[in-house]
Amino acid sequence: MSRVKSKNTGPEITVRKLVYGLGYRYRLHDASLPGKPDLVFRTRRKVIFVNGCFWHSHKDCPKARTPKTRQDFWKNKMQKNAKRDEENQNHLGRLGWKCLVIWQCQTKDLESLEKLIIEFLGD
Ligand SMILES: [Zn+2]
């Protein structure tokens, strides 16, 4: 595989590449599941969400601070997103799926990210 750095590397692409490189195969954005999880491992009945820290209000994360202007608007919006995330994950849990949320800021440290993924998916 080429090691050339691509400019097009959002957190989700980073996770996808890493998971694929570890030999796991997955489906993308399965709309038949609550919350349309980013990566779906059907046979393992596991899903991974890759969440942006800001939009999904990563707790205690510097990237998740509300902007200085229109604070009520942003707070409201971010709370709604967080609530929807929680509901989707609970729903998936009731259907027998296990969820892992990978935060955008966690994708910077590839070594611990890899550990996290292997721990979650097993072998
Ligand atoms: Zn974060």
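The values are calculated or read from the model by the stated rules, or taken from the named source; none is laboratory data. Computed from a prediction, not measured in an experiment: that's the story for all the values here. Note: ideal-geometry Cβ built from the backbone for every residue, glycine included; neighbour counts use all protein chains shown.
Selection within the stretch 43-57: residues that are touching a residue at least 60 places away in the same chain (Cβ under 8 Å) and surrounded by 15 or more Cβ atoms within 10 Å (Cβ to Cβ). The member of this set that is nearest to the ligand (Cβ to nearest atom) is Ile48. Could you tell me whether Val15 is in contact (Cβ under 8 Å) with a residue 40 or more places away in the chain and within 16 Å of the ligand (Cβ to nearest atom)? Yes: the conditions hold for Val15.
Per-residue answers, yes or no, for (1) surrounded by fewer than 17 Cβ atoms within 10 Å (Cβ to Cβ); (2) among the small types (Gly, Ala, Ser); (3) at pLDDT 95 or above:
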site: Arg3; (1), (2), (3): yes, no, no
site: Asn8; (1), (2), (3): yes, no, no
site: Arg16; (1), (2), (3): no, no, yes
site: Tyr20; (1), (2), (3): yes, no, yes
site: Phe41; (1), (2), (3): no, no, yes
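Filter the stretch 77-123 down to the residues that are outside any helix (DSSP H, G or I), away from the ligand (no atom under 16 Å from the Cβ) and either in contact with a helix residue (DSSP H, G or I) (Cβ under 7 Å, 6 or more places away or on another chain) or free of Cβ contacts under 8 Å to residues at least 60 places away in the same chain (or both) and list them by number. The answer is Gly96, Lys98, Cys99, Asp123.
Asp60 meets the conditions (1) within 24 Å of Val19 (Cα to Cα); (2) within 13 Å of the ligand (Cβ to nearest atom); (3) free of Cβ contacts under 8 Å to residues at least 60 places away in the same chain in every case but one. The failed one is (1). Scanning the stretch 61-73 for residues that are surrounded by 11 or more Cβ atoms within 10 Å (Cβ to Cβ), part of a helix (DSSP H, G or I) and under 21 Å from the mean Cα position of the chain (by Cα) returns Lys63, Ala64.
Conditions tested, residue by residue: (1) under 19 Å from Gly35 (Cα atoms); (2) not aromatic (Phe, Trp, Tyr).
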{"position": "Trp74", "(1), (2)": "no, no"}
{"position": "Glu87", "(1), (2)": "yes, yes"}
{"position": "Leu100", "(1), (2)": "yes, yes"}
{"position": "Leu110", "(1), (2)": "no, yes"}
{"position": "Leu113", "(1), (2)": "no, yes"}
{"position": "Ile117", "(1), (2)": "no, yes"}
